[in-house]
């Protein structure tokens, strides 16, 4: 008798579950939607953030020969690549914002770079050199608008010990601080070779830090 009752109970539970799945109540429908939405959000966020980080390292930046054969080779000869302290600033450190909202905007803008990669806009040294001034100006303009935000992750007027700097550096930094200048106003030849500067004021360029 007990076996029959148990089987009957199991049959009823299965029927109820099946009926609930076929025609869920409004209460359960909302709960299922919330749970599904929550799980989907976690999966989407995890995938999106993983993709962001995969494209935010130096190996990815130099995976195309346009960067590896040109600006990367120049950067390897600078103090940002090798110095007495062993602290290295990589491509994303200088060109990708750390704050999430600014980083997303930068990644969206990078789609234009993928387009020009496909078009072969600078796929030879000659093409790159012809575009160098335009490319440099684009970067300088962005840094000017953001008050050299990425530079300030490592360099900040407020943290400088002017007593440890040379006389020229003290004069330059003191003047920049008083006049509200930003890093890129003076430091345009730090990590890469300068383009033909016929359209740029040469007094606005300092080659050392």
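The values are calculated or read from the model by the stated rules, or taken from the named source; none is laboratory data. From a predicted model like this one, the values you see are computed outputs, not experimental measurements. Positions of Cβ are generated from backbone atoms using ideal geometry, with glycine treated the same way; all protein chains shown enter the neighbour counts.
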Tally of residues being more than 19 Å from residue 144 (Cα to Cα) and either touching a residue at least 60 places away in the same chain (Cβ under 8 Å) or assigned to a helix (DSSP H, G or I) (or both) across the range 90-103: 1
For the range 46-72, name all the residues that are surrounded by fewer than 11 Cβ atoms within 10 Å (Cβ to Cβ) and more than 16 Å from the chain's Cα centre (by Cα). 46, 47
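Yes or no, residue by residue, for (1) assigned by TED's automatic domain parsing to the domain that holds residue 186; (2) over 26 Å from residue 187 (Cβ atoms):
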site: 45; (1), (2): no, yes
site: 49; (1), (2): no, yes
site: 67; (1), (2): yes, no
site: 109; (1), (2): yes, no
site: 112; (1), (2): yes, no
site: 124; (1), (2): yes, yes
site: 127; (1), (2): yes, yes
site: 138; (1), (2): yes, no
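Answer with yes or no whether residue 128 is touching a helix residue (DSSP H, G or I) at 6+ places or on another chain (Cβ under 7 Å) and within 19 Å of residue 75 (Cα to Cα).
yes
This table checks each residue for (1) exposed (fewer than 15 other Cβ atoms within 10 Å of the Cβ); (2) farther than 22 Å from residue 78 by Cβ; (3) modelled with pLDDT under 90.
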{"residue": "138", "(1), (2), (3)": "yes, no, no"}
{"residue": "146", "(1), (2), (3)": "no, no, no"}
{"residue": "189", "(1), (2), (3)": "no, no, yes"}
{"residue": "199", "(1), (2), (3)": "yes, yes, yes"}
